[in-house]
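Colleague: I have a structure here, written as structure tokens, and I will follow up with some questions on it.
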Amino acid sequence: MAYAFDFSAVLEYREALLAGTGRTLMLTGIGAVAGLVLGTAGAVSRAWRLAPFDRIFAVYVELIRNTPFLVQLFFIFFGLPSLGVQMDEWQAAILAVVINLGAYSTEIIRAGIEATPRGQIEAAQSLAMTRRQIFFHVVLPPALAKVWPAICSQVVIVMLGTSVCSQIAAEELTFAANFIQSRNFRAFETYFVVTAMYFLLAVGVRQVLALTGQRLLGRRSK
């Protein structure tokens, strides 16, 4: 007997889908901002060899890049409470996203910093600019411009990776999909719709980040 598609059974739960989408975007937004700040700090420490932070970030980057995101999430949510660090599912999800993106963006931004011509830095030093001024006006903007496409891709990857946060009952989009499927038993329709939503989110977030890069970094981000 042919399968009868019924997408109306999914659309009945559109409020849950929209709420899950909003939470996914919120998790991605907070994680992206905090993660890039952490990544910038790590990139500076490693590129300019600021002891002992360069070694600390080196260990941190290797640890995060060589372990699954799901294991990191479980360690934070289930493991840390054993040490007395209590947090709810959203705090754990945000912390996991920040830590994960911070590690990857550290290496991405470091590549941009190390690609800055030495002559530009020497010219800034000859103008008696402080190290802070050199970093924020001479090094960081062109470095971010060089690696902005890679940063955009990494943020999108992290956004898609937030789907595993449903495993600790964080009510994002995948959690909503699992909830809906458990109610209507329409697995194909439910996950087809959610797959399409993730695709649209990925394309939309990438476009927003690209436009943000053009506005903040000018033509150098192209």
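Colleague: Within region 45-62, is there a residue that is surrounded by fewer than 16 Cβ atoms within 10 Å (Cβ to Cβ) and within 22 Å of Gln91 (Cβ to Cβ)?
Modeller: Scanning region 45-62, I find no residue that is surrounded by fewer than 16 Cβ atoms within 10 Å (Cβ to Cβ) and within 22 Å of Gln91 (Cβ to Cβ), so the answer is no.
Colleague: Just to check your reading of the model, which residue among Thr106, Thr130 is among the hydroxyl-bearing types (Ser, Thr, Tyr) and without any contact (Cβ under 8 Å) to a residue 40 or more places away in the chain?
Modeller: Thr130
Colleague: Hey, among the residues in region 121-140 that are surrounded by fewer than 16 Cβ atoms within 10 Å (Cβ to Cβ) and closer than 30 Å to Tyr60 by Cα, which one's farthest from the chain's Cα centre (by Cα)?
Modeller: Thr130
Colleague: Quick check on region 173-222: of everything there that is of a type in the set (Ser, Thr, Tyr) and in contact (Cβ under 8 Å) with a residue 24 or more places away in the chain, which residue is surrounded by the fewest Cβ atoms within 10 Å (Cβ to Cβ)?
Modeller: This residue is Tyr198.
Colleague: Follow-up. Within the set of pairs 6+ apart or on separate chains, which have a first residue in region 139-168 that is over 13 Å from Gln207 (Cα atoms) and touching a residue at least 40 places away in the same chain (Cβ under 8 Å), a second that is among the aliphatic types (A, V, I, L, M) and outside any helix (DSSP H, G or I), and C-beta atoms under 6 Å apart?
Modeller: Lys146/Ala115
Colleague: May I ask you to verify whether Met26 is surrounded by fewer than 18 Cβ atoms within 10 Å (Cβ to Cβ), closer than 30 Å to Arg186 by Cα and free of Cβ contacts under 8 Å to residues at least 40 places away in the same chain?
Modeller: Here the answer is yes, as Met26 does meet what is asked.
Colleague: Being within 17 Å of Ile99 (Cβ to Cβ) and part of a loop (DSSP other than H, G, I, E, B) is the filter here; which residues of region 146-175 pass it?
Modeller: The one that is within 17 Å of Ile99 (Cβ to Cβ) and part of a loop (DSSP other than H, G, I, E, B): Ala170.
Colleague: With under 15 Å from Ala34 (Cα atoms) and without any contact (Cβ under 8 Å) to a residue 60 or more places away in the chain as the only criterion, which of Leu63, Leu83, Leu95 stands out?
Modeller: Sole residue among the options that is under 15 Å from Ala34 (Cα atoms) and without any contact (Cβ under 8 Å) to a residue 60 or more places away in the chain: Leu95.
Colleague: Taking Arg46 and the conditions (1) touching an Asp or Glu at 6+ places or on another chain (Cβ under 8 Å); (2) closer than 30 Å to Ala169 by Cβ; (3) modelled with pLDDT under 95; (4) part of a helix (DSSP H, G or I), which numbered condition does it fall short on, given that it satisfies the others?
Modeller: (2)
Colleague: I would also like to ask the following. Just the residues that are more than 19 Å from the chain's Cα centre (by Cα) and charged (D, E, K, R), please, taken from region 40-95.
Modeller: Result: Arg46, Arg49, Asp54, Arg55, Asp88.
The values are calculated or read from the model by the stated rules, or taken from the named source; none is laboratory data. None of these values were measured; they are calculated from a predicted model. No Cβ is skipped: glycine too gets one built from the backbone with ideal geometry, and neighbour counts run over all protein chains shown.
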